[in-house]
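In what follows, a single structure is set out as structure tokens and then discussed.
Each value in this text was obtained by applying a stated rule to the coordinates, not by laboratory testing. These numbers were taken from a predicted model, which means no experiment stands behind them. FYI the Cβ positions are ideal-geometry reconstructions off the backbone, even for glycines, and counts take in every protein chain you see.
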Amino acid sequence: MSERRIKVLIAKPGLDGHDQGAKVVVRALADAGFEVVYTGLRQTPEQVANAALEENVDVIGLSSMAGSHLPFCRKLKPLLEKAGLGDKLWLIGGNLPAQDHAELRALGFRGIFPASSKFTDIVDFIKAGVS
Amino acid sequence: MSKDNVKKSVINESGIEIKPLYSAEDVAATGGAAMLGLPGEYPFTRGIHPQMYRKQPWTMRQYAGFGNPADTNKRFKYLIANGQTGLNVAFDLPSQIGLDSDDPMAEGEIGRVGMSIDSLKDFEIAFDGIDLNKITVSLTINGAAAIMIAMYLAMAEKKGYDITKLRGTAQNDILKEFIGRGTWIFPVEPSIKLVGDTIEYCAKEAPKYSPVSICGYHIRESGATPAQEMAYAFAIGKAYIAEVTKRGLSVDDFANRLSFNFNIYGNLFEQVAKFRAGRGLWAKVLKDQCHAKDPDSMVMRMIAGGGGGGLTFEQPELNIVRGAYYALISALSGTQTMALCSYDEAYTIPTEYSARISLRTMQILIEEMGLCDTVDPIGGSYFVETLTNQMRAKMEEHMAEVEAEGGMVKMVAEGAIQSKVSRQAYEMQRNIQTGVFRKVGVNCYRIDEEEHEVAFHPYNEADARAQIASLNEVRRNRDGQAVAKALKQVETDAKSNRNVMPALMAAVKAYATVGEMTQALVAAYGRYREPIRF
């Protein structure tokens, strides 16, 4: 029986151009055996929701370095829910001040990985979160 | 230390093996003093001026800008009052990628990472009360650089400055934006054409203005080694020179206004050797490959600063110490301009307090540590001279690799350079996470940290609304027909492959907005599509 590989979307929300972290995580997740789709820069909330739906992913990951994560995630949440992706694993990484973590969790982001998080922690979290 | 504990092999980030001891033989074996010379003379390895800091210390130019132009003007004046000698302007992301503040994509981003600019009016406010003959201004702008240079020159002209004498710099290095930083707008070819337009225009109309600062900095941040940082920047520099000389200008008409922006984090000796080697190599490239005749065209002028990639989220106060070493590296390297990332900059826009610490760090080197007393103070060290020779050879290797792959423009357009440096960034990150590459506070000497002592810069929704209101006021009060005509001219000139700078100057003076001018250029050039390649 061949098991379907876990499929992950990594997206760069908004106008932030700092993509080194996103690309590094894409490589780490691919090395861990996941199938990874990377959106590239400047994604709108609508584009992220569409990509997640079209690619039929198990995990939706955002990488945000320039501070606009909260307004973006507030817009993204209803779009993902409307697309029937509320049961997928939502992650966010990057420059995420501790004071924002509670709201990100409340918005449905179960995995929060501030910059300098370990690859192994992200991989383990995904394996545990996608059954 | 017992014999077993002696490190068997030490290899620097650029891939050069470091020996436990160096002597005159090592210098001779790597090329001797053939590329050394005297400061102020070809090949400028020891520095670009005979007297260097004895005559004038480096310019101190902290990166600053946030909120509305009035907020930024206040921070500029604070930094100047504290002894800063130049300005380094941060723009918000909508301004950087050519969106007006009322564009739906700009929501939540207005004034967040830099100041918000919609029209000439904003430039007038931002530089109000600042003497532009005394304080030189560097604009950290790339995708929208042609527009912002036009705005800066128009603002200066309006305030009564003679733009033929005006000094200043724009970053305007679009090729590196495709590799890292990501504020591109147009496809690769027209983007290079626009850089050429600014160089050509400034060579004729504003000959003291430096229209381009070629950045190894962000390529290094994206994963390049120190030797690659220099080599790739030089390859980019050559691409811009080719763009302008093909229009009939001589390299000596403009090369002396090209400058560079480099990074300073990492091993101290490797960085200092990198800069000394880089000066020699750029001089050689200009002379031998670009056929410059004027020695002034061969000079590698630089801002060496930042160091963001070396700073850590963990134990952020350690970044003050790192910043001090980075400043030392920059001073020992003979930089023209210095800026330091502040200790809280890994998290947020620096506070006045943290920005002042960065400024004082540089001032301590100038006033207390004797860094300005003598030129190239570590020149002549067997180790430094050997490493300088080796770093130059390594950079030449990387430049040759780029040539062999079809040149920098092709590699950027195909995503090949992006893929290479991002793979290296991944390997480095893995080495940090596994402790192979040591990082204090990160993979050794960690402490349990609950909350970091960092004050976050707040995002102000009211400021964003005020900026949009101000933009609407500009739109109401200007001559709409004149604006439409000026924008049409921008589009026509872009489509017919003419230099767009005169048309942009006219549009700026009619108070056309950044978004409108960008749209006019997009109508001619289209938009860039990022190659996704791993």
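Structure notes:
- Neighbourhood net charge (15 Å Cβ-Cβ; Lys/Arg +1, Asp/Glu -1) for B:Lys165: +2
- In percent, rounded to a whole number, the relative contact order of segment B:213-318 is 33, using alpha-carbon pairs under 8 Å and six or more apart.
- Normalising the average separation of contacting C-alpha pairs (under 8 angstrom, six or more residues apart) by the number of residues puts the relative contact order of segment A:7-126 at 27 percent.
- Nearest-ten-degree value, helix B:268-284 long axis tilted from longest Cα axis of chain B: 60 degrees
- Close amide H partners of A:Leu62, meaning residues 5 or more places away or on another chain with modelled amide H under 5 Å apart, are A:Ala11, A:Leu91, A:Ile92, A:Gly93.
- Karplus 3J(HN,Hα) series, Hz, for segment B:178-192 with 6.51 cos²θ - 1.76 cosθ + 1.60 (x for Gly, Pro): 6, 8, x, 5, x, 9, 6, 10, 8, x, 4, 4, x, 5, 5
- Estimated from helical segments only, the mean residue ellipticity of chain B at 222 nm is -14500 deg cm²/dmol, where each DSSP H run of four or more residues counts as -39500 (n - 2.57).
- In a simple Cβ point-charge model (Lys, Arg +1; Asp, Glu -1; nothing else charged), the protein assembly as shown has a dipole of about 860 debye relative to its Cα centre.
- Inter-chain neighbour count for B:422-435: the average number of beta-carbon atoms from partner chains within 10 Å of each residue's beta-carbon is 4.
- Cut-off under 5 Å, modelled amide H: who pairs with B:Ala90 long-range: B:Ala64, B:Gly65, B:Met115
- Multiplying each eigenvalue of the alpha-carbon gyration tensor of segment B:177-327 by 5 and taking the square root yields semi-axes of 30, 18, 13 Å, largest first, rounded to whole angstroms.
- Amide H contacts under 5 Å for B:Thr59, placed H, 5+ residues apart: B:Thr337, B:Met338
- For the residues of A:34-47, the average number of beta carbons from a partner chain within 10 Å of their own beta carbon is 2.
- For the protein assembly as shown, pairs of C-alpha atoms spaced more than 33 angstrom apart make up 47 percent of the total.
- Comparing mean-square fluctuations of A:Glu46, A:Glu54, A:Glu103 from a GNM of chain A with C-alpha springs under 10 Å, the top value falls on A:Glu54.
- Signed unit charges on C-beta, dipole axis of the protein assembly as shown, positive-most listed residue A:Leu104, B:Thr348, A:Gly84: B:Thr348
- For A:Lys77, a cut-off of 19 angstrom between C-alpha atoms picks up these lysines, skipping any fewer than 8 places away in its own chain: A:Lys12, A:Lys88.
- Among A:Ala28, A:Ala83, A:Ala106, residue whose mean-square fluctuation peaks in a GNM of chain A (springs only between Cα atoms under 10 Å): A:Ala106
- The long axis of helix B:382-404 is offset from the longest Cα principal axis of chain B by roughly 50 degrees.
- Residue range of chain B that is longest and free of GluC sites (Glu not before Pro) which are both DSSP loop and sparsely packed (at most 15 other C-beta within 10 Å): B:42-316
- Pair-distance profile P(r), taking every C-alpha pair of segment A:7-126, with 5 angstrom steps and integer %: 2, 12, 26, 28, 22, 9, 1
- Among beta bridges identified by DSSP and lying wholly in chain B, the antiparallel ones come to about 5 percent.
- Three-way shape label, segment A:16-80, alpha-carbon gyration tensor, a/c 1.5: oblate
- Averaged over peptide A:10-17, the number of partner chain Cβ atoms lying within 10 Å of each residue's Cβ comes to 5.
- Entry note, chain B: relative contact order of 20 percent, from Cα contacts under 8 Å with a spacing of 6+ residues.
- Among the listed pairs B:Lys74/B:Lys159; B:Lys158/B:Lys495; B:Lys134/B:Lys176; B:Lys134/B:Lys284, those beyond 23 Å (Cα-Cα): B:Lys158/B:Lys495; B:Lys134/B:Lys176; B:Lys134/B:Lys284
- Packing-based exposure ordering (other Cβ within 10 Å, fewest first) of B:Tyr78, B:Tyr525, B:Tyr209: B:Tyr78, B:Tyr525, B:Tyr209
- Remark: segment B:30-38, residue by residue, has Karplus-estimated 3J(HN,Hα) of 9, x, x, 9, 4, 9, 7, x, 10 Hz, where x stands for each Gly or Pro and the curve is 6.51 cos²θ - 1.76 cosθ + 1.60 at θ = phi - 60°.
- Spatially, segment B:361-381 and segment A:49-125 are offset by 47 Å when compared through their Cα centroids.
- Cβ crowding within 10 Å ranks B:Ile48, B:Ile264, B:Ile364, B:Ile185 as B:Ile364, B:Ile48, B:Ile185, B:Ile264, fewest other Cβ atoms first.
- Under the Karplus curve 6.51 cos²θ - 1.76 cosθ + 1.60, θ = phi - 60°, whole-Hz ³J(HN,Hα) for segment B:231-241, x wherever Gly or Pro sits: 4, 5, 5, 5, 5, 5, x, 4, 5, 5, 4
- Gap separating the Cα centres of segment B:19-94 and segment B:226-248, nearest whole Å: 20 Å
- Equivalent-ellipsoid semi-axes of chain B, from the Cα gyration tensor, Å, largest first: 37, 27, 22
- Packing, taken as the mean count of other beta carbons within 10 Å per residue, orders the peptides B:93-101, B:252-260 from highest to lowest as B:93-101, B:252-260.
- Ratio of Rg to Rh for segment B:5-147: 1.19 [Cα atoms; Kirkwood radius as inverse mean 1/r over pairs].
- Globularity index of segment B:134-223 is 1.10 (Cα radius of gyration / 2.2 N^0.38 Å, N = number of residues).
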